[in-house]
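Notes to accompany the following structure.
The values are calculated or read from the model by the stated rules, or taken from the named source; none is laboratory data. All values reported here derive from a predicted model rather than from experimental measurement. Quick reminder, even Gly has a Cβ in these numbers, built from the backbone with ideal geometry, and neighbours come from all protein chains shown. We work out accessible area using only protein heavy atoms, side chains counted, and drop any ligands, DNA or RNA first. Shrake-Rupley method; radii C 1.70, N 1.55, O 1.52, S 1.80 Å.
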Amino acid sequence: MYSREGKSDLDNAKKLFAKIFLDTLNQKTNEEWRGKAASLADKTLERRLEMWHRCFTGGRIFADNDIAKLENKLQRKIVNYKLYLDGNRITQTEIGNEIRKEQDQKKRKKLWSTMGQISEAVKEDLVSLVKLRNDQAQSLGYYNYYSLSLYLQMIKEDWLLETMNKLEESTKEKFQDFLDASKKKLKVKKFNAWDFNAALYRWTSISDSYFPKDSVFKVLHRFHRNVGFNVDSLPIKEVVKDIPFGGLNVGIKIPTDSRFLLNPIDGKTFFNVAF
């Protein structure tokens with residue numbers, strides 16, 4: 001779907017996951033041994049059984065037919081959505097590249113706001129997905145899908161919020177310094193969301209000319225060879241496409257076929273994502 005090399009089949013891919021996660025015999029076997037784990041004196045096995053328990057718990061939502069269909073529908077819609085600016089087609093990559101270099105704040109806002117077309121197109125399905133996930137999580141005894149997600153990742157909510165608050169407090173002064181300096185650099189009275197990438201771009205002292213797109217894989221391969229990887233023998237196909245994020249590595253058929261996808265962002269960021 002992302003590389004556009006052929007027709008994607010997300011629905012049947014999800015059904016393969018469902019065979020694992022909705023298999024009651026597998027679940028029963030895991031829960032039976034999980035109940036005995038403490039008496040086995042095998043901490044590694046105990047840990048594996050606990051992680052499989054969480055996989056089966058989350059998998060019941062991940063493999064749910066209605067949720068899977070809606071997730072796939074949203075994914076296809078977001079990836080294939082065509083954005084327009086002043087009546088002309090524009091890609092997400094082009095928006096990202098232009099907004100960083102645009103000098104005029106009003107034009108940056110217009111570019112940034114263009115992404116709202118996707119939000120408008122998917123909002124109803126997204127709200128429906130949130131409700132479906134919450135209903136399923138509640139049927140499993142959790143307050144909502146957010147609470148379940150934290151449990152599956154073994155994250156305690158109070159620790160998470162405390163850590164985020166500490167990070168905010170400890171960086172608040174430096175962040176304000178960045179905003180104040182960026183307002184001067186961009187010559188704006190108020191700093192807005194559409195100014196961030198432009199500000200960060202101007203703080204970078206290295207010119208984009210040092211990072212040509214057509215050399216990224218050559219540089220990357222040279223680096224890998226120098227640290228001992230024979231990249232030519234790896235079953236990884238490199239693809240540069242306009243995708244809704246910086247980059248992605250997808251295992252198509254493990255271990256014989258993998259896709260390394262990159263969004264053609266300008267300059268140093270392109271190399272950052274690649275590396």
For segment 196-209, 3J(HN,Hα) per residue [Karplus equation, 6.51 cos²θ - 1.76 cosθ + 1.60, θ = phi - 60°, Hz, x = Gly/Pro]
4, 4, 5, 5, 4, 4, 6, 7, 7, 8, 8, 5, 4, 4
Accessible area per residue, Å², segment 153-275 with all protein chains present, probe 1.4 Å
71 Å²
Ranked by GNM mean-square fluctuation in the chain (Cα springs under 10 Å), the top entry among LEU167, LEU22, LEU129 is LEU167
Which residue fluctuates the most in the chain, going by a Gaussian network model with Cα springs under 10 Å, if the choices are SER207, SER139, SER39?
SER39
If I stretch the segment between TRP203 and LYS107 completely, what's the gain in nm (0.36 nm per residue apart, minus their alpha carbon distance), one decimal?
32.6 nm
Mind checking the per residue accessible area of segment 25-139 for me, 1.4 Å probe, whole number of Å²?
62 Å²
Checked against a 29 Å limit on the C-alpha separation, the offending pairs among LYS184/LYS268; LYS14/LYS131; LYS156/LYS237; LYS73/LYS218 are LYS156/LYS237; LYS73/LYS218
So how many Å³ per residue does the convex hull of the Cα atoms of segment 97-221 work out to?
211 Å³
In sequence order, what are the phi-derived ³J(HN,Hα) couplings for segment 267-275 according to the Karplus relation 6.51 cos²θ - 1.76 cosθ + 1.60 with θ = phi - 60°, rounded to whole Hz, with x for glycine and proline?
x, 4, 4, 4, 6, 4, 5, 4, 5
Once amide H atoms are placed 1.01 Å from N in the peptide plane, what residues at a sequence separation of 5 or more from ILE90, or on another chain, have their amide H within under 5 Å of its amide H?
LEU83, TYR84, LEU85
Label ARG4 and ASP66 with points 7 Å out from Cα along Cα→Cβ: what is the distance between them in nm?
3.5 nm
When every protein chain stays in place and a 1.4 Å probe is rolled, TRP194, TRP52 sorted by accessible area with the largest first are TRP52, TRP194
Could you calculate the contour length gain from LYS184 to PHE17, that is, 0.36 nm times the residue separation minus the distance between their Cα atoms, to one decimal place in nm?
54.9 nm
Tell me what the chain gives for mean residue ellipticity at 222 nm when only DSSP H runs of n ≥ 4 count, each as -39,500 (n - 2.57), the sum divided by the residue total, rounded to 500 deg cm²/dmol.
-20000 deg cm²/dmol
Average Cα contact separation per residue, segment 122-231, under 8 Å, 6 or more apart, as relative contact order %:
9 percent
Under 20 Å between alpha carbons, and skipping anything fewer than 8 positions from LYS19 in its own chain: which lysines qualify?
LYS28, LYS69, LYS253
Computed ³J(HN,Hα) along segment 33-45: with the Karplus parameters 6.51/-1.76/1.60, θ = phi - 60°, integer Hz and x for glycine or proline, the list is 6, 5, x, 9, 4, 4, 8, 8, 6, 10, 5, 5, 5
In segment 86-190, the chymotrypsin sites (Phe, Trp or Tyr not before Pro) that sit in a DSSP loop and have at most 15 other Cβ atoms within 10 Å of their own Cβ are TYR143
Just how much of ILE118 is accessible, in Å², when a 1.4 Å probe is used and the result is rounded to the nearest 10?
20 Å²
